[in-house]
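Step one of this worksheet: look at the structure below.
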Amino acid sequence: MRNHAVRMDRSRSRSRRRGRGAAAALLCALSLLAWTGAAAADDPCKSGWWADLMLGSYHIHPYRHFDEFNPGAGTECWFSPHWAAAGGYFRNSLDRPSFYAGIVYAPEPLHWRWFRLAAMGGVISGYNFGRFGIGGENNRTGPVLAPAAMTRFGRFGVNFILIPPIPRDNLPFTVGFQVKYRIK
């Protein structure tokens, strides 16, 4: 029994180190983005900076109970009206910390005044990706590609993000909800 407890402590320690590593990588990427923006004579985010607040999620036909209140914060840097970089943190539906970083693409034919459709791709932590995880089997960081619907009303907006299922965690299709505010 004692050996099992020691193994569990080591496993938790490795998991915490991985989480800290993902947090450090995200912080470095966002710092680099901010530094290059400040250092450049021309602002890389010509189409705006947005502050995002993750509010919650809705699970479509869940197999078990999931936490649907998922607080978090992030940013979007729009390079053009069609391309953006996004990153942030939230507490996921499995009550684990999740960090994400990626690219948003919103093509012109999918814009209708205050509404647009987009695709988001990148990496996210906090879920068991199994063999698809980055860094080997059972790693909690992996790739994500998700369609999104975005609304904008002046300086305010809402993102609806359809997250695909993650079978290793029995996570069904999930709709994530973010509110956002245009900073610049």
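Brief remarks on what is shown
- Most to least packed among 97-105, 58-66, 159-167 [average Cβ atoms within 10 Å]: 97-105, 159-167, 58-66
- The amide H of N128, built 1.01 Å from its N in the peptide plane, has D169 as neighbours under 5 Å, considering only residues 5 or more places off or on other chains.
- Where a label projected 7 Å from the Cα of F69 along Cα→Cβ would reach, residues of region 140-179 with amide N under 18 Å: 176-179
- FRET efficiency for the pair R182 and R131, taken as 1/(1 + (r/R0)^6) with r the Cβ-Cβ distance and R0 = 41 Å, rounds to 0.55.
- Rg over Rh, two decimals, region 101-184 (C-alpha only, Kirkwood Rh): 1.05
- Per-residue Cβ neighbour counts within 10 Å put W114, W78, W83 in the sequence W114, W83, W78, beginning with the fewest.
- Stretching the chain fully between D43 and W114 yields a gain of 23.1 nm (0.36 nm per residue, less the alpha carbon separation).
- In sequence order, calculated HN-Hα J values of region 87-103 (Karplus, 6.51, -1.76, 1.60; Hz; x Gly/Pro): x, x, 9, 7, 8, 7, 5, 9, 6, 10, x, 10, 10, 9, 8, x, 10
- Highest-first packing order for the peptide set 171-177, 145-151 is 171-177, 145-151, based on the mean count of other beta carbon atoms within 10 Å.
- Order of K46, K180 under a 10 Å beta carbon neighbour criterion, fewest first: K46, K180
Only the coordinates and a few stated rules stand behind these numbers; no lab work does. Please read all numbers here as calculations on a predicted model, not as lab measurements. Here the Cβ is made from the backbone with ideal geometry for all residues, glycine too, and neighbour counts use every protein chain on show.
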